[in-house]
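Where a number appears in this text, it was derived from the coordinates with a stated rule and is not lab data. Please read all numbers here as calculations on a predicted model, not as lab measurements. For neighbour counting, all protein chains shown are included, and Cβ atoms are generated from backbone atoms with ideal geometry for every residue, glycine included.
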Amino acid sequence: MEKITVTLKEHSYPINIGSGLLNKPLLYMPVKAGQQAMIVTNHTLEILYLKQLYQILKKNGIKINQIVLPDGEQYKTLSTLEEILSELLKKSHNRDTTLIALGGGVIGDLTGFAASCYQRGVRFVQIPTTLLSQVDASVGGKTAINHSLGKNMIGSFYQPTSVIIDLNCLDTLSKREFSSGLAEVVKYGLALDCNFFVWLETNMKKLLEKNIDALAYCVRRCCELKAQIITIDEHENSLRSLLNLGHTFGHAIETFMSYGTWLHGEAISVGIVMASSISYEIGILSAYDLKRIKTLLLCANLPIYGPQEMTPISYFPYIMRDKKIFSGKLRLILPTSIGCADIRNDISCSIIKKSIAMNILIK
Ligand SMILES: NC(=O)c1ccc[n+]([C@@H]2O[C@H](COP(=O)([O-])OP(=O)(O)OC[C@H]3O[C@@H](n4cnc5c(N)ncnc54)[C@H](O)[C@@H]3O)[C@@H](O)[C@H]2O)c1
Ligand SMILES: [Zn+2]
């Protein structure tokens, strides 16, 4: 078992990483016998892990309820949020209740937002079950729901009380969802850690085989990197923006294509390539590094071309609503070499358009 601490002034918390942690959840949770808690999950996780978690908590005297939501990015909405809040009220949950998110990033983002709003804030625990949520979404306290006009446009910064990562949950994850998580993994290496990128180049095959040692190292390294960044810049005033590498273009793809059609990581993979192409076009990234980035994403079974349904122009309405726009200027995260990235607000529309066009396959 590994423990990483996210050190913050007011709410430091542990990220526990290991195999089989779901069997002893109370070792890592802030809930005690006699207290209330609500597990928030979806129909897929209900079959896989809910019963086990529910029964352990119940046996240990927790006043436990559960809410099982439909599965999918298209349900990360205001109306699902309302369902969670209504259930909490119906079951008379008080301010000392704890919400437990059992699922991927969709469940984590929704539950975190519900926890931040319910009675002005209650405790919440993240139990991420996808690779993407274990390496990224469950750590750092960004919570959100989508709007038809933009992804993650309504939300809050609200840190969990603890994060419990059981690597065994990845056994049941589909290959496509697993690869989706690898896009965020590649993002960490590319934006922050050259050695980790090189490690990924060497170990991608082991990761795809779900080799437990490779997985443990990979998840731990990503969480360490994220924890370091959050400690310095919790509210994304500077350094944390680097973790948005690929997301300006990726969110445009996810929103245009209707939520759930392209997986988050698939869209981010193409977004990383588009951002890297801009870097290459303006002369801050070498052709060799651009090739390495594309090769690693392809090795992870991720797409590197945008959807054919989208013209370069069709990206712009979404890009211009991006949360990274400050004083009317779009801020792009651009890799400058493997392991380094820069925040730039001086890139012309024509360069952006050209770089998008270069990464759409012509029929
Ligand atoms: N808050 C953040 O900092 C942050 C960071 C990155 C991504 N996100 C958000 O996370 C979401 C994507 O997360 P995701 O990729 O985990 O998607 P997801 O939550 O939709 O999960 C993917 C699919 O895998 C299923 N699943 C989950 N765990 C499983 C398991 N162990 N075995 C089998 N199936 C399982 C889910 O039911 C779902 O069908 C997006 O909404 C994105 O915006 C948030
Ligand atoms: Zn992401």
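So if a site counts as exposed when it's one of the GluC sites (Glu not before Pro), its DSSP state isn't H, G, I, E or B, and it has at most 13 other Cβ atoms within 10 Å, what's the longest stretch of the chain without one?
11-208
Past the 23 Å Cα-Cα mark, which pairs from LYS151/LYS226; LYS3/LYS142; LYS187/LYS210; LYS90/LYS142?
From the list (LYS151/LYS226; LYS3/LYS142; LYS187/LYS210; LYS90/LYS142), the Cα-Cα distance tops 23 Å for LYS90/LYS142.
Could you tell me whether region 89-234 comes out rounded, prolate or oblate from its Cα gyration tensor? Rule is a ≥ b ≥ c as square roots of the eigenvalues, rounded for a/c under 1.5, then prolate if a/b exceeds b/c, otherwise oblate.
Prolate, since a/c reaches 1.5 and a/b exceeds b/c.
Nearest-5 percent of antiparallel DSSP beta bridges in the chain?
About 40 percent, rounded to the nearest 5.
Under 5 Å between amide H atoms, partner at least 5 residues away or on a different chain: which partners does LEU69 have, H built in plane at 1.01 Å?
THR41, ASN42, HIS43
What distance in nm separates the simple spin-label points at MET358 and SER86, each placed 7 Å from Cα in the Cβ direction?
My value for the distance between the label points is 5.0 nm.
Mind checking the full-extension length gain between GLU2 and SER350? Use 0.36 nm per residue of separation minus the Cα-Cα distance, one decimal, nm.
Taking GLU2 through SER350 to full extension adds about 120.6 nm, to one decimal.
Going toward the positive end of the dipole of region 228-295, with +1 on Lys and Arg Cβ and -1 on Asp and Glu Cβ, which of GLY246, ALA287, THR261 do you reach last?
Most positive-ward Cα: ALA287.
Once the Cα atoms of helix 194-208 and of the chain are each reduced to a long axis, what angle between those two axes, in degrees from 0 to 90 to the nearest 10, is obtained?
So the helix axis and the longest Cα principal axis differ by about 70 degrees.
Using the alpha-carbon atoms, what tilt in degrees (0 to 90, nearest 10) does helix 247-256 show relative to the longest principal axis of the chain?
Tilt relative to the chain: about 80 degrees.
May I ask you to evaluate 6.51 cos²θ - 1.76 cosθ + 1.60, the Karplus curve with θ = phi - 60°, for each residue of region 90-102 and list the ³J(HN,Hα) values in order in whole Hz, giving x for glycine and proline?
Values per residue, Gly and Pro as x: 4, 8, 6, 7, 9, 5, 9, 6, 10, 8, 10, 8, 10 Hz.
Which residues' amide hydrogens lie under 5 Å from the amide hydrogen of ALA341, considering only partners 5 or more residues apart or on another chain, with H built in the peptide plane?
THR336
What value, in deg cm²/dmol to 500, does the helix sum -39500 (n - 2.57) over DSSP H runs of n ≥ 4 give at 222 nm once divided by the residues of the chain?
Calculated mean residue ellipticity at 222 nm is -12500 deg cm²/dmol.
Mind checking which of SER156, LEU207, LEU225 is farthest towards the positive end of region 128-231's charge dipole, using Cβ charges of +1 (Lys, Arg) and -1 (Asp, Glu) about the Cα centre?
SER156
Do you know the relative contact order of the chain, to the nearest whole percent, from alpha carbon pairs under 8 angstrom that are 6+ apart?
With pairs under 8 Å counted, the relative contact order is 16 percent.
Using Stokes-Einstein with the Kirkwood hydrodynamic radius over Cα pairs, what translational diffusion coefficient do you get for the chain at 25 °C and a viscosity of 0.890 mPa s, in µm²/s rounded to a whole number?
Reported coefficient: 119 µm²/s.
Given axes a ≥ b ≥ c from the Cα gyration tensor, I'd like to know whether region 2-172 is rounded (a/c under 1.5), prolate (a/b larger than b/c) or oblate.
rounded
With +1 assigned to the C-beta of every Lys and Arg and -1 to the C-beta of every Asp and Glu, and no other charges, what is the dipole magnitude of region 2-172 about the Cα centre in debye, to the nearest 20?
For region 2-172, the charge dipole is close to 620 debye.
Report the charge-dipole magnitude of region 70-141 in Debye, nearest 20, computed about the Cα centre from +1 at each Lys and Arg Cβ and -1 at each Asp and Glu Cβ.
Approximately 340 debye in magnitude.
Which value, in debye to the nearest 20, describes the size of the charge dipole of the chain about its Cα centre when Lys and Arg Cβ atoms bear +1, Asp and Glu Cβ atoms bear -1, and nothing else is charged?
340 debye
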